[in-house]
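Structure first, then comments.
Any read-out appearing in this document is the output of simple, stated calculations on the displayed coordinates, not a laboratory observation. Quantities reported herein were computed from a predicted structural model and do not represent experimental measurements. Neighbour counts are summed over all protein chains in view; Cβ atoms, including those assigned to glycine, are modelled from backbone coordinates with ideal geometry.
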Amino acid sequence: MSTKKTSLKDIAQRAGVSMALVSYVLNGKEKESRVGQEIASKIKQIAKELHYQPNHLAKSLRSGKTHTIGLIIADISNPFFANIARVVEDEAKRNGYTVIIGSSDENAEKSRDLLNVLINRQVDGFIIVSSENSAEQVRDLQEKNIPFVLLDRYFPDIETDFVSTDHYQAAYNAGAHLVKNGYKRIGMIAYDSQLFHMQERIRGYVEALTDQHVPFQKHWLKQIRISAIEQGVKAAIDEMLAAKQPIDSIVFATYSLAITGLKYINELSLNVPDDLAIVSFGQAEAFDLYYCPITYVKQPIGLLGKTAVEFLMKKLKHPQTEPSQILMNAELIIRASSKTKQPVHT
């Protein structure tokens, strides 16, 4: 059985026309070449019969474009990033682009490796969820004039295109909600990270308490290393509960932290929300399956993904335009895990 790929020459010989004419037709340019409908249909039919596959590499070399986008996300196992990858993929396809997805696993070295691989694959541009210590990678892309858009996480001191949730306001709303529902000792478990979005979540939480006349206590905030989530979350909850005045509620700064924390809260036989009220960032089916539906911050996944692709398409067409930047509002989905605290009768 022959493995030889069908060429334009093969189709031209079978149709009895020139290779140039076949090329025009198969590239959708029959109107430009004023080819008759009959001959155009004949060429397409022969191409189909011979299982012709266009040589995208040759086409890319001619046009200087591969019509591929590199999408680097932080953690493919996180439902937020998995869902946003699906949105980006669908939206890119609608614009005639294929997406190559890589997960940095919150590791700057892996992020750099992915960038280099995809640059060598000659992707036309990137959509990037930045990892810790990756600011230099962003600057490097700028120096190389490679189009990119930062998604969900950005660097305020680097002038770039970005699409992000307003993390400060989202965390502020979560903290204020707990205070209004009667909670007075509100803890937060966050990552020990200098990434701007995490710092904004912490700032929003602290300022919400202060503005609601609940003096923030430093021991209420626990920041744990991303490389030791389980041990860190358990130690944080233990310390919060062992305090002279134990916390009565927790804001988890990410979905992963919340899932780990809820498992441990179950191990301790604590009841949500009677013993401990919970609010988390990120939406997931797990929050619906928990015996007490979890209040969570819902980020606009569809809009974030679509807008990131839109911004990148704009950048690819007009590289010299001013950076497009947008912060989107998240929605606090209030459920049973943060219901109004009942007063204690003595």
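Here are the numbers:
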{"read-out": "In order through region 275-283: 3J(HN,Hα) via Karplus (6.51 cos²θ - 1.76 cosθ + 1.60), integer Hz, x for Gly, Pro", "value": "8, 7, 7, 10, 9, 10, 7, x, 9"}
{"read-out": "Cα gyration tensor, region 209-301 - rounded (a/c under 1.5), prolate or oblate", "value": "rounded"}
{"read-out": "Full-stretch length increase - Glu331, Glu49 - with 0.36 nm per residue and alpha-carbon distance subtracted", "value": "96.2 nm"}
{"read-out": "Spherically averaged projected area of region 288-343 from its Cα convex hull (nm²)", "value": "5.7"}
{"read-out": "Residue among Tyr255, Gly204, Ile43 farthest towards the positive dipole end of the chain, charges placed on Cβ", "value": "Ile43"}
{"read-out": "Cα-based helix-to-principal-axis angle, 301-317 vs the chain, degrees rounded to 10", "value": "40"}
{"read-out": "Length gained when the stretch Phe155-Lys298 is fully extended (0.36 nm per residue, less Cα-Cα span)", "value": "49.3 nm"}
{"read-out": "Values of log10 I(q)/I(0), in the order q = 0.21 Å⁻¹, for region 150-254 under a Debye, Cα-only, solvent-free model", "value": "-1.09"}
{"read-out": "Nearest-ten-degree value, helix 229-242 long axis tilted from longest Cα axis of the chain", "value": "20"}
{"read-out": "Inter-part distance where region 61-121 and region 273-296 are each reduced to a Cα centre, Å", "value": "31"}
{"read-out": "Sequence-distant residues sharing a close amide H with Tyr296 (under 5 Å, placed H)", "value": "Ser280, Ile333, Arg335"}
{"read-out": "Sparse-neighbour loop sites [trypsin sites (Lys or Arg not before Pro); region 128-169; at most 15 other C-beta within 10 Å; DSSP]", "value": "Lys144"}
{"read-out": "Helix-only [θ]222 nm of the chain, DSSP H runs n ≥ 4, -39500 (n - 2.57) each, per residue, nearest 500", "value": "-14000 deg cm²/dmol"}
{"read-out": "Cross-link pairs beyond the 21 Å C-alpha cut-off, checked among Lys218/Lys339; Lys93/Lys144; Lys144/Lys314; Lys110/Lys298; Lys48/Lys93; Lys9/Lys44", "value": "Lys218/Lys339; Lys93/Lys144; Lys110/Lys298; Lys48/Lys93"}
{"read-out": "Counting all C-alpha pairs of the chain, share separated by more than 39 Å (%)", "value": "33"}
{"read-out": "Loop-located chymotrypsin sites (Phe, Trp or Tyr not before Pro) in region 282-334 whose Cβ has at most 15 other Cβ within 10 Å (DSSP)", "value": "Tyr291"}
